[in-house]
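Take a look at the structure below.
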Amino acid sequence: MAKDLGDRVHWTQPYRFFPTQEPGITASVRWRSSDGRTQVLAFDVLLKDLSLTARSVHVSANGFATLLTGDGRVLAPPLHPALPEDGISSLLLAPVARLGISPISKAMAAFHDVADQPVVNVAFESEGRDWVGRIERYPLHPGHALIATIAPSSDFAPPRSLLLAALASTGLVFALAGAAFAHRLAQRFVEPLDRLAEQSEKIGALDFSEGPVVESPWKEVRRLARDQDRMRELLASATRELEEANRHLEERVSARTRALEAANADLASFSYAVSHDLRAPLRAINGHSAILEEEQKSRLDASAMRNLAKVREASQHMSELIDSLLLLARLSTHKLSRVPVDLSAAARDIVAALEETDASRKVRWHVADGCVTVGDTALLRSVMQNLLSNAWKFTAAVPDAEITFDCAGRAAETVFRVTDNGAGFNPDDAAHLFEPFQRAHKDAEFPGTGIGLAVVRRILEQHGGRIWAESRIGHGATFKFKVGESAPGA
C-alpha cells in the first residue's frame with residue numbers, strides 16, 4: 001500500500017450525529033493507492049465510547065486523565081468518584097466547569113496562562129491539597145485536543161531526603177500517563193484503520209485472500225471490518241462467477257468459430273458448385289441459342305425467332321443473377337483492404353462506360369471533384385457501379401435526364417450522394433429497398449436482378465457505413481451513403 005497522505009489519522013471537531021443527536025467525532029485515514037487515487041476509510045465514534053479510553057488510564061492512586069477540546073469542553077470525562085457511570089453522557093461537550101471537579105478546572109486555568117506551549121506542567125492548590133499535572137496538545141484536525149493527567153502531590157510524597165528525585169519521577173509519571181493515553185488512542189484507532197486500509201488496497205487489486213483479523217473495542221470499527229469481509233466475499237464470489245462465465249463464453253465463441261469456419265467452407269463449396277455446375281449449362285444454352293439464331297435465321301419464322309430471343313435473354317438474366325448472388329455470398333468472407341479511393345474518378349470511368357452502351361441517349365452528368373474516402377477499391381467501385389447504373393436505367397424514359405454525384409462533410413461524416421430525376425419510387429418502399437429480391441418497379445418496366453442494392457448495403461456495412469434513399473414517384477431519387485472511414489489527410 002502507498003504511503004499515507006498527511007497525518008496517519010484525521011479527526012474532525014466534535015459534533016452531534018444526525019439523527020440520534022449524540023455527541024461524537026469522526027476518525028479517518030487516507031492513503032494513495034497504486035493507481036494514484038486517494039482512498040479514504042472513516043468511521044464515527046461516540047464520545048461516550050471514547051470516555052472508556054480516558055477512564056482506563058492509571059495515573060496514580062488518586063490521579064486521573066481526561067480529554068478536552070482546545071477551548072476546554074469535555075470529550076472524555078475521567079474516572080472520578082464524583083462522576084457516576086450513568087451521568088457521563090450529560091457532560092459530553094460541556095464546559096470543564098460542569099464536571100464539578102475543582103482540580104481539573106484549576107489545572108486548565110494554570111494551563112491557559114501559558115497556553116502557547118505544546119506541553120505544560122502545572123502545580124496548584126485545590127481542595128486543601130497540592131496538585132501537579134501535565135497538559136499536552138493532541139492533533140485534532142483542524143485544531144487540537146488536550147490530554148490532561150492530574151494527581152495530588154501526596155501520591156508521590158517521598159522522605160525529604162528523596163525530594164529532588166521524587167520531583168523528577170513525578171514528571172516522568174505524568175509524561176508516561178499522557179503517552180499511554182495517546183498510545184491507547186492510536187491502538188484503538190490507527191492500527192485497526194491501517195489494517196482495514198491495507199485490506200481495502202488488496203481488494204482493489206483483486207486479491208481476495210483473507211487478511212489479519214481486525215480487533216477493536218469500538219463497535220463501529222468492528223462493524224466496518226465485518227462489512228469489509230462481506231464485501232470481500234461478495235466480490236470474490238462475483239469474480240469467480242465472472243471467470244466461469246468468461247470460460248463458458250470462450251467455449252461458446254470457440255464453438256461458434258468452428259461452426260462459422262464450417263459454414264464458410266460450405267459456402268466456398270457452394271460458390272464453386274454454382275460457378276462451375278450452373279454456369280456451364282447456362283453458357284451452353286446461351287451459346288447454342290446464338291448459333292441457332294445465326295445459322296437457322298432463314299428457316300425460322302418470326303414467332304420462333306422471338307422465342308429464341310427470350311431464351312437468350314432468360315439465360316443472360318440468370319447468369320447475371322448468379323453473378324450477383326455469388327458476390328453477395330462472398331462479401332461475408334472478403335478481407336477488406338483499406339486504401340485511399342477516389343470515388344469521383346471512379347464515377348467518371350463508370351459514366352464513360354455507360355454512355356458507350358447507348359450513344360443515342362443524352363444525359364447531363366454532374367460529377368463533383370474531391371469525393372475521396374478510404375476502403376476497398378474494388379468493392380467501393382461496385383457500389384458506384386450499382387448506384388450510377390440504377391440512375392442511368394431509371395432515367396431512360398426522361399427526355400432531359402440529369403444525374404449528379406457529389407459529397408458533403410468531412411472525414412468519416414462525409415455523405416456521398418447519387419441523385420437523378422428519373423422514375424423515382426414510393427417512399428414506403430424505402431425501408432425494404434436494400435433487401436435481396438426487393439424491387440420498387442416491375443421487371444417489365446425496368447429489368448433487374450433485385451440483388452444490386454443488397455450488395456451495396458452489405459459492402460457499406462462491412463466498411464462501417466450505411467446507405468439510405470429518398471424519393472417520390474415521378475420526381476427522381478437520391479441515394480445517400482457513408483463509408484465509415486476517414487478520408488486521407490482529413
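Every number in this text was worked out from the coordinates using simple rules, so none of it is lab data. Source: prediction; values computed, not measured. Note that each Cβ is placed from the backbone with ideal geometry, even for glycine, and that neighbours are counted across all protein chains shown.
At-a-glance table
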{"read-out": "Ranked by how many other beta carbons lie within 10 Å on average, peptides 290-298, 44-52, 84-92 from highest", "value": "44-52, 84-92, 290-298"}
{"read-out": "Length gained when the stretch residue 112-residue 154 is fully extended (0.36 nm per residue, less Cα-Cα span)", "value": "12.7 nm"}
{"read-out": "Stretch gain in nm, segment residue 294-residue 244, where the contour uses 0.36 nm per residue and the Cα spacing is subtracted", "value": "10.8 nm"}
{"read-out": "Computed E for residue 314/residue 472 - FRET, C-beta separation, R0 25 angstrom, nearest 0.05", "value": "0.15"}
{"read-out": "Computed label-point distance, nm, for sites residue 307 and residue 13 using a 7 Å Cα→Cβ extension", "value": "11.0 nm"}
{"read-out": "Over 23 Å between alpha carbons, listed pairs 297/362; 362/482; 393/480", "value": "297/362; 362/482"}
{"read-out": "HN-Hα J in Hz across the range 87-104 - Karplus 6.51, -1.76, 1.60, θ = phi - 60°, x for Gly and Pro", "value": "x, 5, 4, 6, 9, 5, 6, 7, x, 4, 4, 5, 5, x, 10, 4, x, 5"}
{"read-out": "When the range 335-482 is reduced to its Cα atoms, the Kirkwood hydrodynamic radius in Å", "value": "15.5 Å"}
{"read-out": "For 377, 419, order by how many other beta-carbon atoms lie within 10 Å, fewest first", "value": "377, 419"}
{"read-out": "Difference of contour (0.36 nm per residue) and Cα-Cα distance, residue 362 to residue 226", "value": "40.4 nm"}
